[in-house]
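Asker: What follows is a structure written as structure tokens; I'll ask about it next.
Each value in this text was obtained by applying a stated rule to the coordinates, not by laboratory testing. Keep in mind that what you see is a predicted model, and the values were worked out from it rather than measured. Because the Cβ atoms are built from the backbone with ideal geometry, glycine has one as well, and the counts that use them run over all protein chains shown.
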Amino acid sequence: MTNIIITSGRKYIDIDAYASMIAYRELLKVIDNNNVIASTTATLNQSVPPSILDLKYSLNEPIDNGNDKYILLDVSNPDFFDEQVRLGKIIEIIDHHTGFEQYWAKYPNIKTQIEFIGSVCTLVYEKIIQSRHVEILDTDLCKLLVAGILDNTLNLKASITTDRDRSAYNELLRLGKVPEDFYKEYFSACEAEITKDFEKAIKDDLKIEKAGILPEVIGQMIVLNLDNFDHKKMEEVFTEYPEWIMNVILLEEGKSYIYFGGDDVKQRLEQLFDKKCENNNLLVLDKFLLRKQIMKKARDAVSIQC
């Protein structure tokens, strides 16, 4: 028996991947009635708090019968696919991280949608609407998709937020009868998870990937303010890496505090952002940028130089 397995990246995944995998599974189950599962061998990071895990929808246990086909969500770099994926068995990729469009253009048999948009959950919501199966969008499934959009667009305030993200968010609130203050509940739950184990929160959301002149090790954390931010523990996490950056997004200030380590990282960051650092290990941006925006900026800068 051949299964269609919906999965995402390896090591750690966030709420955008978690929610979109589950929602796309529910859609394909009603469209094709195939053996569709959503599973991961990765660890869920702190953007998937207990209140989300307590909803009636969850991931399936990973399976492996050798004949399965794979759909990848929220990832298009083959170096970071879930460990269960067999490259020759991929049938579809849906991602909002640009950079690998030309790579996948060489594989016309793989259906690919890679768009620079706020959230993959927005793309999956649009697919549900286009398929005319809006009936699957009950309260819990809407909450999942709303959480993914909230997290990846920082409550719709990130500059990557599109009108499509806003429309999806508002319609999901309406369709699922989700309270308008759900964002407070969600972000409060995430911050509670972060403070439980600060070091784990950083490690569970590290991205190790080359992006232009940036260090390969890039962390990210979203907090309301720096009141509970433990600088010492942050530095301890990165002691094993020769160079790194940590993007700390302060929602109340609307800024990114980019901490870093490494001999010439300061010079490279000042070059990339055309801005002087506050001190030897901190660059403050006047508005917050998500990690994927920072990485895209670095890649674009290399392309321009070439």
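Asker: Those residues that are touching an Asp or Glu at 6+ places or on another chain (Cβ under 6 Å) and among the small types (Gly, Ala, Ser), I need them from the stretch 51-76; list them, please.
Answerer: Passing the criteria: only SER76.
Asker: While we're looking at this one, here's another question. Filter the stretch 161-180 down to residues that are in contact with a Leu (Cβ under 7 Å, 6 or more places away or on another chain) and under 13 Å from LEU141 (Cβ atoms) and give me whichever is surrounded by the most Cβ atoms within 10 Å (Cβ to Cβ).
Answerer: Narrowing the stretch 161-180 to residues in contact with a Leu (Cβ under 7 Å, 6 or more places away or on another chain): 165-166, 169, 172, 175-176, 178, 180.
Of the ones still in play, those that are also under 13 Å from LEU141 (Cβ atoms) are 172, 175-176, 178.
Values: LEU172: 26, LEU175: 19, GLY176: 19, VAL178: 20.
Applying the filter and picking the extreme gives LEU172.
Asker: Let me ask something additional. Would you confirm, using the coordinates I've provided, whether ILE114 is touching a residue at least 40 places away in the same chain (Cβ under 8 Å), on the phi < 0 side of the Ramachandran plot and not basic (Lys, Arg)?
Answerer: Working: touching a residue at least 40 places away in the same chain (Cβ under 8 Å): no; on the phi < 0 side of the Ramachandran plot: yes; not basic (Lys, Arg): yes.
For ILE114, the condition - touching a residue at least 40 places away in the same chain (Cβ under 8 Å), on the phi < 0 side of the Ramachandran plot and not basic (Lys, Arg) - is not met.
Asker: Going through the stretch 87-133 one residue at a time, which ones are among the charged types (D, E, K, R) and part of a loop (DSSP other than H, G, I, E, B)?
Answerer: The first filter runs over the stretch 87-133 and keeps only residues among the charged types (D, E, K, R), leaving 89, 92, 95, 101, 106, 111, 115, 126-127, 132.
Across the stretch 87-133, the qualifying residues are LYS106, GLU115, ARG132.
Asker: Which count do you get for residues in the stretch 86-135 that are under 12 Å from LEU72 (Cα atoms) and polar (S, T, N, Q)?
Answerer: Residues meeting the conditions: 2.
Asker: Scan GLU135, GLU61 and give me the residue that is over 30 Å from THR195 (Cα atoms) and not aromatic (Phe, Trp, Tyr). Before the answer, list the steps.
Answerer: Values: GLU61 fails: over 30 Å from THR195 (Cα atoms).
Result of the check over GLU135, GLU61: GLU135.
Asker: Just name the residue that is nearest to ASN155 (Cα to Cα) out of those in the stretch 195-208 that are of a type in the set (D, E, K, R) and surrounded by 17 or more Cβ atoms within 10 Å (Cβ to Cβ).
Answerer: Ranking the candidates gives ASP205 first.
Asker: Taking ILE202, is it part of a helix (DSSP H, G or I) and in contact (Cβ under 8 Å) with a residue 12 or more places away in the chain?
Answerer: On the way: part of a helix (DSSP H, G or I): yes; in contact (Cβ under 8 Å) with a residue 12 or more places away in the chain: yes.
For ILE202, the condition - part of a helix (DSSP H, G or I) and in contact (Cβ under 8 Å) with a residue 12 or more places away in the chain - is met.
Asker: Looking at LEU28, LEU55, can you tell me which residue is out of contact with any helix residue (DSSP H, G or I) (no Cβ under 7 Å at 6 or more places or on another chain), in contact (Cβ under 8 Å) with a residue 24 or more places away in the chain and either within 21 Å of LEU172 (Cα to Cα) or not in a loop (DSSP other than H, G, I, E, B) (or both)? Walk me through it before giving the result.
Answerer: Values: LEU55 fails: out of contact with any helix residue (DSSP H, G or I) (no Cβ under 7 Å at 6 or more places or on another chain).
Every option except LEU28 fails the conditions.
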